[in-house]
Amino acid sequence: MTAAAPHGAAFPVERYRADFPVLARRVHDQPLVYLDNAATAQKPRQVMETLDDYYRDYNSNIHRGVHTLSEQATAAYEAARKKIQTFINAASHQEIIFVRGTTEAINLVAQSYGRNRLGAGDEIIVSEMEHHSNIVPWQLLCEQTGATLQVIPINDAGELDMDAYKNLLGDNTRIVAIGHISNALGSVNPVTEITALAHAVGAVVLLDGAQAAPHTSLDVAALDCDFYAFSGHKLFGPTGIGVLYGKQALLEAMPPYHGGGDMIKMVTFKKTLYNDLPYKFEAGTPYIAGVIGLGAAVDYVSAIGMDQIQAYEDELLRYATTAAVGVPGLTLIGTAAHKAGILSFVLDGIHPHDLGTILDHDGIAIRAGHHCAMPVMERYRVPATARASFAFYNTREEVDKLIAGIDKAKDIFN
Amino acid sequence: MFDVKDLYQEVIVDHNRNPRNFGKLDPADKTLEGFNPLCGDRLTLYLNMDGEERISEVGFDGHGCAISIASASLMTENVKGKSVPEAEAIFNTFHTLLTDSSAALDLERVGKLAVLAGVRDYPSRVKCATLCWHTLKALLEGGGEPVSTE
């Protein structure tokens, strides 16, 4: 080792890689280089084994059976909730609502929190760098209530214009909904400051943590946000499961989002009594295996340590950024001072889709497109970007292969 | 195992770099926009007709990947001077070539378009190659709505 490793010890990336079976496969006869982690992350065998154990050993419905299997499934499901409470430092397990993903979490808040509270003249603030899933639910809410959407602009580096944000905030601001880390640019937003400023005018804050949860330690108590949303599948867990955190007092005051079984205490045709938190928001049989699997994913990354993961990834991103800016004709899209996990770029004369196909031939998986953030593409006047996104199992050697693949594409096109 | 250079043949790279018939026709008898919302490819096709039945001039502009730009460029070269039924027949043959892997690779029937045959090995890229053709078809059929691949 020539450089001092973070935290005094080398990050044993090869040991972690061995936990991810898919990383051993080949694509087009080349070792897979998976750099599409912002779309979805790969799963460690510990998560797969947890899913397998559930289906093989104690598959059962929860919260209703008196039999052993149901008790085991219920215990595992609720244990996962507590793991997630600890993972994000929520005050109570009742503040952890299981949903299908970040998208459903945001829609839940827009409808359950917003629909009865907002009206004409009220304002919702989002930013120019949001994913469509943190834009469209608010547009729907605006159509329903007469509220209006305000947009914080970003600068050329891909950082929020905080002065513009302060100017947008006012007595009419009811909700501020901001991504913690941008999926298209990698910018890490100053969410603590954003939240404090919003609270000063009496607005509630939802943070879209889809890209943040896999890369940084989360502390909703320190952030003081009112809602925090993230997806399991980007956090090395199953697809189809996600988390909405909400402050208990707010969740208590909100009506259910979906009606059905498990979210009630008593049903008659005259009056239905809703269940307590968190069950009020978990109508129907949930994705039990997914919840338990997400708990296993949280155990997995917690054992490594989110701070260790962040330090390793920050170093990897610095290495990748230095290599990328050395490629003639390559322009980075998103050069914020504070970034995480994402290298978005365009190449002179080579469309991102062509680059994506050429890299795929060398086993390298990246994303090419608008990344569900069309306003960001509009801002930079590009139709699409190529995006390499990293996880803690990626290596410098993989970055080198990416750069070699880009050079190959340039050879084909020039 | 196929080589990526089978897809990005010199002809495709050339037509991407120097697309033929690129630019707006003004005036144009018919104009229509086509777009692929998944990747942001967007092109506008311009046609001048010799009567109702024959394409006398064709042009396009817009932006997209090499496959979509080269395909549009090759298409304009191919259909200029063709009758409407002839152009539609070429499209049908071309479309089958790209989407039906069991179809015989009768490359002679599509002439120079055969350089795009490699696209059939890349299902996610077929829409790139056919966007211009779907737009042409809609234009010839008189539709006024922009064409979307989705």
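The values are calculated or read from the model by the stated rules, or taken from the named source; none is laboratory data. Keep in mind it's a predicted model, so treat the numbers as computed, not measured. Every residue, glycine among them, receives a Cβ derived from its backbone with ideal geometry; neighbour counts consider all protein chains shown. These area figures cover heavy atoms from the full protein model, side chains too; ligands, DNA and RNA do not enter into them. Shrake-Rupley method; radii C 1.70, N 1.55, O 1.52, S 1.80 Å.
Summary table below
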read-out: Region B:105-145, subset more than 13 Å from the chain's Cα centre (by Cα) and hydroxyl-bearing (Ser, Thr, Tyr), residue farthest from the other protein chains (Cβ to nearest Cβ); value: B:Ser124
read-out: Residue that is nearest to the other protein chains (Cβ to nearest Cβ) [pool: residues in region B:31-57 that are open to solvent by 50 Å² or more (accessible area, probe 1.4 Å) and under 16 Å from the mean Cα position of the chain (by Cα)]; value: B:Arg42
read-out: Flag if A:Glu123 is within 17 Å of A:Met263 (Cβ to Cβ), in the same structural domain as A:Gly202 (by TED's automatic domain parsing) and either charged (D, E, K, R) or in contact (Cβ under 8 Å) with a residue 40 or more places away in the chain (or both); value: no
read-out: Failed item, numbered, when A:Leu207 is tested on (1) crowded, with 24+ Cβ neighbours inside 10 Å; (2) in contact (Cβ under 8 Å) with a residue 40 or more places away in the chain; value: (2)
read-out: Breaking point among (1) away from every other protein chain (no Cβ under 14 Å); (2) open to solvent by 60 Å² or more (accessible area, probe 1.4 Å); (3) touching a helix residue (DSSP H, G or I) at 6+ places or on another chain (Cβ under 9 Å), for B:Val79; value: (2)
read-out: Residues within region A:15-34 that are away from every other protein chain (no Cβ under 14 Å), in contact (Cβ under 8 Å) with a residue 60 or more places away in the chain and in a loop (DSSP other than H, G, I, E, B), tallied; value: 3
read-out: Elements of type strands (runs of 3 or more DSSP E) in region A:268-381, at least 1 residues being among the aromatic types (Phe, Trp, Tyr) and open to solvent by less than 30 Å² (accessible area, probe 1.4 Å); value: A:342-347
read-out: Residue in region B:95-112 that is more than 27 Å from B:Pro123 (Cα to Cα) and either open to solvent by 30 Å² or more (accessible area, probe 1.4 Å) or among the hydroxyl-bearing types (Ser, Thr, Tyr) (or both) present; value: no
read-out: Residue check, A:Ala157 in the same structural domain as A:Leu235 (by TED's automatic domain parsing), small (Gly, Ala, Ser) and assigned to a helix (DSSP H, G or I); value: no
read-out: Odd one out for A:Ala80 among (1) in a helix (DSSP H, G or I); (2) open to solvent by 50 Å² or more (accessible area, probe 1.4 Å); (3) in contact (Cβ under 8 Å) with a residue 60 or more places away in the chain; (4) of a type in the set (A, V, I, L, M); value: (2)
read-out: Region A:341-358: number of residues that are free of Cβ contacts under 8 Å to residues at least 60 places away in the same chain and within 11 Å of another protein chain (Cβ to nearest Cβ); value: 8
